[in-house]
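In what follows, a single structure is set out as structure tokens and then discussed.
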Amino acid sequence: MFRGDAHKFYIKLKKTYERSHSFNKIEAIREVTEIQHFYLTIDSDTLEKILYRMIKEKNGSGIIPIFVSTGPWLLFLFSEQLQKFIFSNGILPWGVVFVLSYIVILTMSVILHFREKAWASFHIAIIKDILESKN
């Protein structure tokens with residue numbers, strides 16, 4: 001059930017193989033091929049600079065990890081004031097809306113952050129392979 005995208009991709013590959021279809025019909029394979037062909041058209045010097053930028057993007061802390069780590073502390077710092085504001089005078093529904101909104105935004109931000117890191121790693125691997133084959 002919780003095997004992730006890699007296993008889903010494996011299942012898709014296996015089904016394609018069992019049906020004797022070409023792997024090139026799989027959208028993910030076509031996407032990789034398209035990206036490879038694009039990077040192959042770029043000279044090595046420029047490709048190295050693109051690689052450096054991709055590494056920067058992958059390793060950059062960005063706003064999302066800062067949000068994840070400082071958000072709870074900020075809320076804790078103002079917890080008494082927040083409790084008075086949100087839960088006083090019978091406005092409990094706003095407290096529930098606030099908490100649910102925060103949790104949803106936090107969850108989506110973390111997912112987005114790791115997806116961006118995964119895409120950066122994907123491009124880095126392709127660029128490194130191309131640079132190695134050109135040298």
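The values are calculated or read from the model by the stated rules, or taken from the named source; none is laboratory data. Because the structure is a prediction, the values reported are computed rather than measured. When we count neighbours, we look across all protein chains shown, and the Cβ atoms used for this are built from the backbone with ideal geometry, even at glycine.
Computed quantities for the displayed model
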item: Residue within the stretch 105-126 that is within 30 Å of L47 (Cα to Cα), modelled with pLDDT under 80, part of a helix (DSSP H, G or I) and touching an Asp or Glu at 6+ places or on another chain (Cβ under 9 Å) present; result: no
item: The stretch 47-84, residues that are under 15 Å from H113 (Cα atoms), modelled with pLDDT under 75 and part of a helix (DSSP H, G or I); result: I63, I64, P65, I66, F67, V68, S69
item: Test for A6: is it assigned to a helix (DSSP H, G or I), without any contact (Cβ under 8 Å) to a residue 60 or more places away in the chain and surrounded by 12 or more Cβ atoms within 10 Å (Cβ to Cβ); result: no
